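Please read the structure below before turning to the comments.
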Amino acid sequence: MINRTFRLPSFRPLAALAGFFLASLIPMAAQAQTANWQPSEQIKTYAISGSSGIELYRSIGERGPQAGVQAVAHTTFKLTWRRDYRPQPDGACILATARPNLTIIYTWPKAPAKLPADVAASWQRFIAGVEKHERVHGEHILDMVKKIEAYSVGLRAEDDPKCQKVRAVLQQRLKELSDEQRQRGRDFDKVELTNGGAVHQLILALVNGP
């Protein structure tokens, strides 16, 4: 499981805040497999308290998830695979099918139900922006899984009667794609969380608002 976190900048009241070998070509029929599944989604929330923007943000700092860093929200996933490795008469091995079971898990704060009208409006703008940010991480995860699937189906290794070589090649590619996805998430966070970024602006508006 790979965490994709929305980092919590340090809190400064009413001030600016500083800011997861051998391969055959994939047959067309195998490529069509990618359209036969859909990811599932799970949303978790944690309760915060307060009756003003600054109080809500302070509560996030006290209760937000720990995901390597203090976070406002974060995105993780659960991923399993059903793979069909097929030894061939010529001694090769082919990964004939690879079907993912993906659940993307989002966690973000939940404000009290009864807030002053102006604070409620400010909060809705803030949480909508948080959700938008996290769903981009979800898109990155989905894109990674589709790349894994596309690479997997039809993968072939010669002289591999026990299908060990093809598994090793696949594992190496999985690591590469995972590392790529992590870096993509870090790059996205860097843009969003630095001064002037979308998330930075969301936090300023919440803290400096009603």
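Below is a table of values for the structure above.
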| quantity | calculated |
| --- | --- |
| Residue 183 being open to solvent by 30 Å² or more (accessible area, probe 1.4 Å) and farther than 30 Å from residue 93 by Cβ | yes |
| Selection status of residue 78, closer than 16 Å to residue 131 by Cα and of a type in the set (Lys, Arg) | no |
| Tally, over region 143-180, of residues that are over 30 Å from residue 203 (Cβ atoms) and either open to solvent by 20 Å² or more (accessible area, probe 1.4 Å) or in a loop (DSSP other than H, G, I, E, B) (or both) | 24 |
| Residues that are more than 17 Å from the chain's Cα centre (by Cα) and open to solvent by 50 Å² or more (accessible area, probe 1.4 Å), drawn from region 50-78 | 51, 55, 58, 62, 63 |
| Enumeration of residues in region 186-210 that are exposed (fewer than 12 other Cβ atoms within 10 Å of the Cβ) and among the acidic types (Asp, Glu) | 187 |
| Residue match in region 159-178 (condition: in contact with a Cys (Cβ under 8 Å, 6 or more places away or on another chain) and of a type in the set (Val, Ile, Thr)) | yes |
| Matching residues, region 97-115, being touching a helix residue (DSSP H, G or I) at 6+ places or on another chain (Cβ under 8 Å) and either among the hydrophobic types (A, V, I, L, M, F, W, C) or closer than 21 Å to residue 164 by Cβ (or both) | 97, 98, 102, 104, 108, 111, 115 |
| Those strands (runs of 3 or more DSSP E) lying entirely in region 29-142 with at least 1 residues over 22 Å from residue 192 (Cβ atoms), modelled with pLDDT of 95 or more and among the small types (Gly, Ala, Ser) | 40-47, 93-110 |
| Pairs with Cβ under 9 Å, 6+ apart, first in region 79-106 and closer than 28 Å to residue 43 by Cα and surrounded by 13 or more Cβ atoms within 10 Å (Cβ to Cβ), second of a type in the set (Phe, Trp, Tyr) and modelled with pLDDT under 95 | 99/37; 100/37; 101/37; 102/37 |
| Qualifying positions in region 107-119 - within 30 Å of the chain's Cα centre (by Cα) and open to solvent by 30 Å² or more (accessible area, probe 1.4 Å) | 110, 112, 113 |
| Residue in region 166-189 that is closer than 27 Å to residue 121 by Cα and either over 21 Å from the mean Cα position of the chain (by Cα) or not hydrophobic (A, V, I, L, M, F, W, C) (or both) present | yes |
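The values are calculated or read from the model by the stated rules, or taken from the named source; none is laboratory data. Please read these numbers as outputs of a predicted model, since none were measured by experiment. Methodologically, a virtual Cβ is constructed for each residue, glycine included, from the backbone with ideal geometry; neighbour enumeration extends over all protein chains shown. Note: areas computed on protein heavy atoms with side chains; ligands, DNA, RNA excluded. Shrake-Rupley method; radii C 1.70, N 1.55, O 1.52, S 1.80 Å.
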